[in-house]
Each structure stands twice: as C-alpha cells, then as structure tokens.
1. If we scan the stretch 83-100, do we find a residue that is aliphatic (A, V, I, L, M), at pLDDT 85 or above and surrounded by fewer than 10 Cβ atoms within 10 Å (Cβ to Cβ)?
2. When the stretch 29-42 is examined, which residues are found to be touching a helix residue (DSSP H, G or I) at 6+ places or on another chain (Cβ under 6 Å) and assigned to a helix (DSSP H, G or I)?
3. Would you mind finding the one in THR48, THR10 that is assigned to a helix (DSSP H, G or I), hydroxyl-bearing (Ser, Thr, Tyr) and at pLDDT below 80?
4. Here are LEU20, LEU78: which of them is among the aliphatic types (A, V, I, L, M) and either at pLDDT 80 or above or surrounded by fewer than 10 Cβ atoms within 10 Å (Cβ to Cβ) (or both)?
Amino acid sequence: MSTASQRRHTASRAVPAIPLAALIGVSRVLVGIHYFHDVLAGALVGTTMVIILAWWGTPPVGKGIAIARGHPFLERLLMGNRTHHRAVKPGPTSLHPRLP
C-alpha cells in the first residue's frame, strides 16, 4: 500500500470517529457526569496525543513490529495462536484443584 493510499485509508476511519467522540463528550456534559471544561480539556489532550504519535510515534512502532515478526515467539503474540482457540472446560484434567 502506498503512503497516499495509507493516508486515505486512515482518514476514512478517522472521519466517523470525530463526530462520535463529540457526541460522547456532549452526552457526558448533558448527563452531568463531567463539566464542559473537563470534556474540552480531554479532547485537546487526546487530539494533541494523536498528532504527536502520528508524526513521531509511527516509525518506531513500525520498526518494533518488523523486529517482532522476525522472532517466532513475538510473531505468535502479534498474530495470535489461531490453531488452539478452544475453551478449556474445568474437570479432572484441570490444573486447578477443586475446592471442597
């Protein structure tokens, strides 16, 4: 995926998130859980963090993921162990002893 294509894809996800976040903030004020200035401060801090991480945080995270993909254990953590996703039922073979 090219850089321009990645930006369009990210923007297509971010655009619906902005009105949703605004509605959640307004609802917090209307319900009386937060004051308006609390919601505004949270929005400003959140926006600032997104800008900082988008500009400076993305390359180090990408490098970390590339390194993790080269290591078998970390690869399993990233991708999940998709072959053993079954629930363990408690029973006589369980590792936890049953309490009387």
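1. no
2. Initial filter on the stretch 29-42 (touching a helix residue (DSSP H, G or I) at 6+ places or on another chain (Cβ under 6 Å)): 29, 34, 36, 39.
VAL29, PHE36, VAL39 - these are the residues of the stretch 29-42 that are touching a helix residue (DSSP H, G or I) at 6+ places or on another chain (Cβ under 6 Å) and assigned to a helix (DSSP H, G or I).
3. After ruling out the rest, the residue left standing is THR10.
4. LEU20
The values are calculated or read from the model by the stated rules, or taken from the named source; none is laboratory data. Keep in mind that what you see is a predicted model, and the values were worked out from it rather than measured. In this analysis, Cβ positions are derived from the backbone assuming ideal geometry, glycine residues included, and neighbour counts consider all displayed protein chains.
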